[in-house]
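What follows is a short report on a single structure.
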């Protein structure tokens, strides 16, 4: 749309409050220095001599997870017509900041005492996975917040998520894999609640920006493919110690992803009167299988079950993408930019329920008491994840909505212009 | 080209038959459910306790191959000006579907009895590699078929390819690496024959869409680079058991790729009156070295031979790209969209011939009888691959050309509009 | 900008000298054949039976480095509005050519005798890392040279770099990791000196092309992210033999990168009157932490030091991007297209100084004589790298500036049109 941007475009941003300038660098540089000071006093590297092969294996998994969060989540939301730069760069910023904070937090919560935290390669892996919760939630508020608000949200969310994981570990006896897999449900509800506080009547002009363009959609597809390819690494990342469970996790994730990709594309075509496929459905629903199989991937012992989960997740996710936006927008007043609820929330919920059913089924059938106890723990853990996501999300949304943060005006939603210095020629897309 | 798409563009597709809607989702969902049922009755996971290090190694190779097929093949053809979405997404769809089918097929053909198939990580690796045959052939018919036709073609092709591999294994005594490397010749001829049945006089307006645009070409380059980087993994993927052969395979592929990249760019510049380079040559010919060295990569014991193969392949491939399209279009009436014949067909043929020469040379020189026998087996295997590719490809082309599939009208060739729901703003590219 | 390219664009390039056609393919094909002949007489593969696990580990590292140089460096400079094709493709061309030459050169310089060079997988890894020096320098002259000039520059530079590394190994007792890490300083100064010889008064029309466009910038971001993700592999690539140093290198690089990403984005926003961020700062400064920590990453034993280095590097790099271009352009007459000086030069210098300080500090405090000797060696090695970069760069610049190479006219700077055959529709960006 060359020309439009030049003549009438909001380039100069005359209404844009100049105070973000004071806030953001001050905030983040002070934060960064504070982090360095804390690292100085409270951390040390793990100097125990490890098996080098195990070390390399951990490094490979860390790398796969980093590819997912930096490239996958960076590009999956870059399909917004005028918001590609912010999607990718803010994603990197949040990731880099949150990983540092999460390593510290994990360490302190693990030992529950202020002595020195020993940093291992696996701590960074865990911190990167925790950071993913922030990147999921950010999808729901994308384009409606400035970077200061995102940073605040990120720090609160990852803290809440890590505290929730600690509680699940200590009181619900859930190991790291199981408590980490609550990430989808937790982050989706958290993101939705924050987005709810940012409901504004969107002008048509703004709605137009909440669209994809042809080449941006290819970038979005790139992000989706990175996530799709490396999802088996994510689901098996915390099962390094038991090769058989790890193998199962890879197998099942692979099958669930394959089936959900086929399902998503088919159903998207079924829903259109002329059989056309919707690119946004693909971006989201293709991954639903990986999300849904996450919690139980180590348990499932034959492919058909993973495939059924993938099929169901694909149906739910595409169905959600078809029906929910309208309902969310008009009835609940939630504008879920990246479709977080049907990409992560619903399939995640399905996965958790499947996990509870499977684990109850596997507990020795005779011991009814034990089943009940187990069931209680499982349902408790899931409720905790949802409750904390909803509650802390709501509180965060309320705080972020304060005037002092000078969030972008609704007419500047979904627009890179508010945040980026453009050379005067870089108009259009 | 903003505006054009809006005013005169074939957006509403009034002539587009609405029946694909009934076909595709019905077809693929039924197929998916059928696959789940077959998996339920006929498969189980490999539960034998494996060496965890070997498992991880297999997983890494599987991942490399998945990157090649999902990202590499997905994006290499995305440089068509108006067909980027379909290239990438249909590629993913075919991959996800075919891998499921190929795992079953490989299992049944391996044991030749209807007992339970044990799925290993290496089965998925093999299935993903077989799926590549479909993605290669799809390049030749790209933009001229709808998704139903592609799915049918994919299922037929991967079945034929796996049967051919089984015959080669049983009767021609070719191990998995050697029979897999016939993929290039088989898939290229298969694709060409199918494309031959889709010859239509192309209007100029349609021809214009069969062009690249600047940013799409960068996506194409991205796909090329993924293939280029991971090709050594592909060529050595089935040599996991013999470290020395594997090392040779990596070395030789690496050298052949480097030389063919240099050759392709140089020759492309040589052919233009003003010394300009053609981007399409780069996309294709850069990979020719990897294709050509595929069959014999484990045998070659010094770099110069791999480099000579890379040089020859680069020459043949760029030469083909310069001369063949005209000839194919006007004399044979084959429109080879993605240049499959000179990207995979010709270099593959070169590679097979080189392999036959090398293996004949290595057999003990005194035993003439043995040489003859070996030669016979080799030539037989190659002929089988070509013959099956041509024949099954022709039959598939005939079937796909039936009216019942409601393929896109020739005026809709190379156009995403027929398959994708666009937001009304996403015009141009 | 549809239309512009068609009507008034420099498509036909009537002033463009047709002689590049004769030069380039002749040159490079003869060179390629010469390389094959040298490989025929002077090389053989390593046939000693190696530990397969170690082999695979080396292969993984080689792959990571290849991803960095082919994808990372290919795309990081593709954000020039009209120069994306050349950035990516010339990068691949130079990489493929230089790796072949560097393997030979490394071999001969290692043994300093003309007997057969034994090629190992680790030789290719080393050669790929040496090739990076060329790709760094190429960033400074990007868009101002034709491919013949780039090839010449590449061969001279990699030869000089390998000779410098050999001298450092033999006479300054620096091991491979330490001498390799001089790559940033060497390549930056080399590139700057070459760019200095290409100073021309740039017309405004040309300056306009030296801009980014929206979707090109996402490609640039893609390159940046690949580099960011795999930088820990690069910094630890030559430490395969000592697991503890390798682990430290990964940790420290990871932390330095995270901090420099946060710093770069914050400071970029601080510098703009409205708090807007500049995409070019992100592309460059995000990596500064990895560069700065390169030399000393194996030494640093607690995260805070790496973080301080990352913070300082981020400040220096963004500061450089803000102030230096103006100064370089107008006072020194150097037009540093890719910002090589503040991306690699300054952070590299910081890293070398930090390394000298750290290593001096670690030498036993009582032996003053030894400290002095060590200090002398360290400062000598750094001075050698800078001096050779400056001197050989200047000489190369002088030679490349000769009329016989027929470099592009200043009005064709930063323009793909001079090098690429475009289909007549591929206008705009």
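All of the numbers you see were taken from the coordinates with simple rules; none came from a lab. Given the structure is predicted, the values throughout are model-derived calculations rather than measurements. Cβ coordinates were reconstructed from backbone atoms using ideal geometry, including for glycine residues, and neighbour counts include every protein chain displayed.
Summary table
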| read-out | value |
| --- | --- |
| Most to least packed among A:37-47, A:222-232, B:317-327 [average Cβ atoms within 10 Å] | A:222-232, B:317-327, A:37-47 |
| Two-site label geometry, residue A:358 and residue B:301: point separation in nm, points 7 Å out along Cα→Cβ | 5.0 |
| R0 of 22 Å, Cβ-Cβ distance residue B:175-residue B:53: FRET efficiency to nearest 0.05 | 0.40 |
| Virtual spin-label span in nm between residue B:409 and residue A:26, 7 Å along Cα→Cβ | 6.4 |
| Number of partner chain Cβ atoms within 10 Å, mean per residue of A:140-151 | 1 |
| Whole-number percent relative contact order across the range C:44-175, with pairs defined as alpha carbons under 8 Å at least 6 apart | 29 |
| Förster-model FRET efficiency, 41 Å R0, residue C:379 and residue C:113, C-beta, rounded to 0.05 | 0.85 |
| Ascending list, in nanometres, of distances separating the residue C:360 label from those of the other copies (7 Å, Cα toward Cβ) | 7.0, 7.0 |
| Distances in nm from residue A:390 to the matching label points in the other copies, shortest first (labels 7 Å along Cα to Cβ) | 6.8, 6.8 |
| Rounded to 5, percent antiparallel among DSSP beta bridges of the protein assembly as shown | 15 |
| Peptide C:47-59, shielding by other chains (average Cβ, 10 Å cutoff) | 5 |
| Averaged over B:220-227, number of beta-carbon atoms from partner chains that fall within 10 Å | 5 |
| Debye intensity ratio in log₁₀ form over the Cα atoms of the range A:183-337, taken at each q of 0.11, 0.13, 0.14, 0.21 Å⁻¹ | -0.50, -0.68, -0.77, -1.33 |
| Estimated distance in nm for a label pair at residue C:331 and residue C:398, the labels positioned 7 Å out from Cα along Cα-to-Cβ | 2.6 |
| Global geometry of the range C:49-142, whether rounded, prolate or oblate, following the gyration tensor of its Cα atoms and the 1.5 cut on a/c | oblate |
| Largest to smallest principal axis extent of the C-alpha atoms in chain C, angstrom | 73, 61, 39 |
| Which of A:156, A:185 has the fewest Cβ neighbours within 10 Å, and the rest in rising order | A:156, A:185 |
| Order of C:415, B:51 - criterion: other Cβ atoms within 10 Å of each residue's Cβ, fewest first | B:51, C:415 |
| Exam field: residue B:272 pseudo-label spacings to other copies (7 Å along Cα-Cβ), nanometres | 3.5, 3.6 |
| Axis proximity, chain B to C: residue whose C-beta lies nearest, plus whole-Å distance | B:215, 3 |
| FRET efficiency, residue C:41 to residue A:372 (Cβ-Cβ, R0 60 Å, nearest 0.05) | 0.15 |
| Footprinting exposure proxy for C:177, B:409 (fewest neighbouring C-beta atoms within 10 Å first) | B:409, C:177 |
| The protein assembly as shown shape via C-alpha gyration tensor axes, a/c threshold 1.5 | rounded |
| Cα-based shape type of the range A:29-84, given that a ≥ b ≥ c are square roots of the gyration tensor eigenvalues and the cut on a/c is 1.5 | oblate |
